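This is the structure I want to talk about, given as structure tokens.
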């Protein structure tokens with residue numbers, strides 16, 4: 001009740017702030033009605049992104065960072081049901097679930113990721129929805145409906161996006177209410193069986209002044225996997241998401257966008273296999289406990305854009321509040337015995353506000369802002385062990401607040417040469433109560449614990465960025481940059497040994513260098529290349545090891561200094577009208593420079609530790625797709641697409657005792673468009689590759705592992721209507 005009261009109070013504060021906003025400005029600030037990319041018939045597609053926070057979208061070819069962007073049309077062609085669906089199409093990135101908790105994101109970019117579903121562990125890749133940072137990774141991977149676009153920004157993004165983005169940032173943009181009446185309705189079915197339907201209606205209430213949107217999504221998944229234990233389907237879920245929004249433009253230079261989202265998911269727990277029972281290429285599971293997932297969230301976002309004469313600029317304020325309840329249980333031993341069944345219960349509440357200005361003064365483009373973030377996390381977990389004879393539990397409560405101030409200036413020295421200089425100062429305070437895992441540690445229903453550890457700590461950091469851009473021609477840009485990343489310290493809520501302190505572990509710092517070239521050949525081809533080198537000091541690592549009868553224990557510490565370097569490239573060719581050929585590749589290499597913690601637990605730090613490979617770092621990823629669209633007549637067109645993408649195997653943990661499979665993902669689709677209707681048939685993972693986001697060794701029997709599976713081959717059909 002208190003948390004819902006906080007939610008209502010914060011919503012009232014946002015409304016009051018909007019009513020008090022200035023009612024006058026100089027220049028128009030008009031939100032885009034159309035999703036990116038914008039089709040340029042007979043040539044390349046122009047892709048626009050919002051990554052630079054300039055107050056308006058920019059052509060991705062003019063943005064001096066490595067970024068992969070997907071517009072709504074591309075997401076449709078990929079039949080992307082979640083962010084994970086585009087994972088293999090992004091070089092040097094893994095945008096997938098950790099698997100311990102359904103829908104819990106565990107993204108890795110350029111070899112920087114985490115191996116944990118503990119909500120007190122900050123991710124290396126931040127997720128932002130409509131400009132709002134998501135404080136925990138739960139509930140991130142469930143849908144891609146109602147999206148204008150996805151932007152994957154590689155490398156540290158600490159200047160504009162702040163804390164905990166040393167690996168990069170994933171930026172999602174939902175659709176904005178339109179000034180003309182629009183309908184987007186879809187219904188589909190795929191193997192499982194899985195049924196889904198969505199409807200988005202948008203249009204004006206008061207012409208050119210007030211518009212509204214209502215988007216609704218429903219998904220019923222009957223389960224793709226068959227449980228050997230009882231022959232029943234597992235992996236079932238039911239999802240409902242509702243997104244209303246209002247856009248108010250009382251003047252040409254004043255805009256208010258109010259967004260609300262309610263989400264609800266009910267379903268099974270993680271579907272895990274055990275590689276001590278089944279081979280690594282198998283989808284077979286044998287679970288005596290299907291588990292459960294109960295997830296509910298509500299979030300409200302208020303965005304204000306005001307055009308001002310000062311620097312012909314834009315003032316933007318984005319205030320948001322989000323409340324999440326996520327309760328899940330699973331069969332971690334992934335076997336027909338009750339060696340380890342788990343339950344995790346999380347309650348999270350967050351409030352954030354970003355106020356920024358973007359303007360131009362002669363040859364100087366300026367972006368500056370303030371950021372505030374407040375979060376309350378209450379977490380508890382339990383483990384049912386030894387055939388159900390032993391129940392232990394633990395968890396923690398964390399309150400934190402963050403503040404940041406940032407400025408970046410682009411100086412266009414000449415029409416061809418630009419110098420960029422910027423910096424961000426961030427500070428973060430965390431106070432925690434922790435209960436180490438033991439008998440009678442926590443009541444998961446009430447989320448109360450008998451805490452045995454109390455602490456508070458603060459971290460701060462300055463993250464500068466210096467870059468240079470050279471455009472010898474309108475279609476060619478060369479760039480280079482040096483930047484630093486900052487990831488705050490924290491605490492371990494999954495502390496198994498009361499004699500080991502759950503924290504704090506210290507902050508992580510990063511020096512990053514990047515060079516790149518972006519080039520277009522007429523209206524036919526586009527090629528983007530980037531090279532990077534990063535040095536990470538005090539890298540935070542989640543050390544996991546089997547520990548009977550508890551399954552495993554976990555220690556989080558600043559384990560090492562390490563370096564990562566690599567190359568990546570993307571190619572797009574349109575040799576003839578209707579034909580598009582796309583390709584991408586990524587290569588990453590990493591090593592430990594200085595080890596501070598005994599990674600392989602043999603009692604000494606020596607050459608064997610230095611020979612270990614970095615976790616979640618796949619050396620090679622590459623692939624491509626061919627899309628052809630042709631018109632039968634003035635009303636009917638056909639589009640076909642085939643994509644093939646590959647990613648190397650990668651070790652799951654620092655000890656290199658768990659391995660994530662290499663995989664070749666093949667997908668294909670065929671669609672027929674007639675007027676406002678579109679019928680599509682498609683297949684994903686056509687080679688039926690077995691992949692999983694975790695492979696954690698367990699102590700129960702030889703080769704025992706916990707490996708939550710992703711779906712294999714899926715066939716589907718969808719019908720859509722757009723007006």
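The values are calculated or read from the model by the stated rules, or taken from the named source; none is laboratory data. If you're wondering where the values come from, they're calculated on a predicted model, not measured in any experiment. Glycine also receives a Cβ, built like all others from the backbone with ideal geometry; neighbour counts cover every protein chain displayed.
Please determine whether any residue of segment 381-388 is surrounded by fewer than 18 Cβ atoms within 10 Å (Cβ to Cβ), over 28 Å from the mean Cα position of the chain (by Cα) and within 30 Å of residue 488 (Cβ to Cβ). Before you say what the answer is, go through the steps one by one.
Of the residues in segment 381-388, the ones surrounded by fewer than 18 Cβ atoms within 10 Å (Cβ to Cβ) are 386-388.
Filter again for over 28 Å from the mean Cα position of the chain (by Cα), leaving 386-388.
Filter once more, so that each one left must be within 30 Å of residue 488 (Cβ to Cβ): none.
No, there is no match, as no residue in segment 381-388 is surrounded by fewer than 18 Cβ atoms within 10 Å (Cβ to Cβ), over 28 Å from the mean Cα position of the chain (by Cα) and within 30 Å of residue 488 (Cβ to Cβ).
Kindly list the number of the only condition in (1) touching a strand residue (DSSP E or B) at 6+ places or on another chain (Cβ under 8 Å); (2) more than 30 Å from residue 319 (Cα to Cα); (3) modelled with pLDDT under 95 that fails for residue 426.
(2)
Please enumerate the residues belonging to segment 394-417 that are in a strand (DSSP E or B), more than 30 Å from residue 491 (Cβ to Cβ) and free of Cβ contacts under 8 Å to residues at least 60 places away in the same chain. Outline the logic, then answer.
Our first condition is that a residue be in a strand (DSSP E or B); within segment 394-417, this holds for 394-412, 417.
Cutting the leftovers down to more than 30 Å from residue 491 (Cβ to Cβ) gives us 407-412, 417.
407, 409, 410, 411, 412, 417 - these are the residues of segment 394-417 that are in a strand (DSSP E or B), more than 30 Å from residue 491 (Cβ to Cβ) and free of Cβ contacts under 8 Å to residues at least 60 places away in the same chain.
I'm trying to understand the selection: among the residues of segment 477-488, which are modelled with pLDDT of 95 or more and either exposed (fewer than 15 other Cβ atoms within 10 Å of the Cβ) or outside any strand (DSSP E or B) (or both)?
Answer for segment 477-488, where residues must be modelled with pLDDT of 95 or more and either exposed (fewer than 15 other Cβ atoms within 10 Å of the Cβ) or outside any strand (DSSP E or B) (or both): just 482.
Considering only segment 63-78, state which residues are within 17 Å of residue 571 (Cβ to Cβ) and modelled with pLDDT of 85 or more.
Answer for segment 63-78, where residues must be within 17 Å of residue 571 (Cβ to Cβ) and modelled with pLDDT of 85 or more: 66, 67, 68, 69, 70.
Now for a different question. In segment 252-279, which residue that is surrounded by fewer than 16 Cβ atoms within 10 Å (Cβ to Cβ) and touching a residue at least 24 places away in the same chain (Cβ under 8 Å) is farthest from the chain's Cα centre (by Cα)? Even if it seems obvious, please write down each step before you answer.
The first filter runs over segment 252-279 and keeps only residues surrounded by fewer than 16 Cβ atoms within 10 Å (Cβ to Cβ), leaving 252, 260, 262, 264, 266, 279.
In the following step, the residues that additionally are touching a residue at least 24 places away in the same chain (Cβ under 8 Å) were identified as 252, 260, 262, 264, 266.
Numbers: 252: 34, 260: 20, 262: 19, 264: 19, 266: 21 Å.
The residue in question is 252.
Among the residues of segment 651-667, which ones are within 28 Å of residue 190 (Cβ to Cβ) and crowded, with 18+ Cβ neighbours inside 10 Å?
As a first pass, look at segment 651-667 and keep what is within 28 Å of residue 190 (Cβ to Cβ): 660-667.
Result: 660, 663, 665, 666, 667.
Within the bounds of segment 79-99, is there any residue that is in a strand (DSSP E or B), within 30 Å of residue 672 (Cα to Cα), modelled with pLDDT of 80 or more and more than 14 Å from the chain's Cα centre (by Cα)?
no
Scan segment 694-706 and tell me whether some residue there is surrounded by 20 or more Cβ atoms within 10 Å (Cβ to Cβ), touching a helix residue (DSSP H, G or I) at 6+ places or on another chain (Cβ under 9 Å) and either under 30 Å from residue 289 (Cα atoms) or in contact (Cβ under 8 Å) with a residue 40 or more places away in the chain (or both).
No; the residues of segment 694-706 include none that is surrounded by 20 or more Cβ atoms within 10 Å (Cβ to Cβ), touching a helix residue (DSSP H, G or I) at 6+ places or on another chain (Cβ under 9 Å) and either under 30 Å from residue 289 (Cα atoms) or in contact (Cβ under 8 Å) with a residue 40 or more places away in the chain (or both).
Here's a follow-up. Is one or more of the residues making up segment 524-531 at positive phi, part of a loop (DSSP other than H, G, I, E, B) and modelled with pLDDT of 90 or more? Working first, answer last.
Narrowing segment 524-531 to residues at positive phi: none.
For segment 524-531, residues at positive phi, part of a loop (DSSP other than H, G, I, E, B) and modelled with pLDDT of 90 or more: absent.
Tell me the strands (runs of 3 or more DSSP E) entirely within segment 557-659 that contain at least 2 residues that are closer than 22 Å to residue 538 by Cα, in contact with a helix residue (DSSP H, G or I) (Cβ under 6 Å, 6 or more places away or on another chain) and touching a residue at least 12 places away in the same chain (Cβ under 8 Å). Before the answer, list the steps.
Details: elements: 579-595, 620-631, 636-647.
Strands (runs of 3 or more DSSP E) meeting the threshold: 579-595.
Moving to a separate point now. Looking only at strands (runs of 3 or more DSSP E) that lie completely in segment 131-225, which have at least 1 residues being touching a helix residue (DSSP H, G or I) at 6+ places or on another chain (Cβ under 8 Å)? Full working, then the answer.
Values: elements: 147-154, 168-174, 182-190, 194-206, 210-221.
Counting at least 1 such residues, we get 147-154, 168-174.
Considering segment 475-504 alone, what residues qualify as being closer than 30 Å to residue 395 by Cβ and more than 24 Å from the chain's Cα centre (by Cα)?
Matches in segment 475-504: 495, 496, 497, 498, 499, 500, 501, 502, 503, 504.
For segment 281-295, indicate whether the set of residues that are touching a residue at least 24 places away in the same chain (Cβ under 8 Å), over 30 Å from residue 697 (Cβ atoms) and in a strand (DSSP E or B) is non-empty.
We begin by selecting, within segment 281-295, every residue touching a residue at least 24 places away in the same chain (Cβ under 8 Å); these are 281-295.
Still in the list and also over 30 Å from residue 697 (Cβ atoms): none.
No, segment 281-295 contains no residue that is touching a residue at least 24 places away in the same chain (Cβ under 8 Å), over 30 Å from residue 697 (Cβ atoms) and in a strand (DSSP E or B).
Are there any pairs with C-beta distances below 7 angstrom linking a residue in segment 437-457 that is part of a strand (DSSP E or B) to a residue that is loosely packed, with under 15 Cβ neighbours inside 10 Å, with the two at least 6 apart or on different chains, and if so which?
These pairs meet every condition: 442/448.
Please go through segment 679-695 and give me each residue that is under 22 Å from the mean Cα position of the chain (by Cα) and part of a strand (DSSP E or B), ordered by number.
684, 692
Could you identify the single residue in 254, 361, 310 that is farther than 30 Å from residue 434 by Cα, modelled with pLDDT of 95 or more and out of contact with any helix residue (DSSP H, G or I) (no Cβ under 6 Å at 6 or more places or on another chain)?
Details: 361 fails: out of contact with any helix residue (DSSP H, G or I) (no Cβ under 6 Å at 6 or more places or on another chain); 310 fails: modelled with pLDDT of 95 or more.
Only one candidate passes the filter, namely 254.
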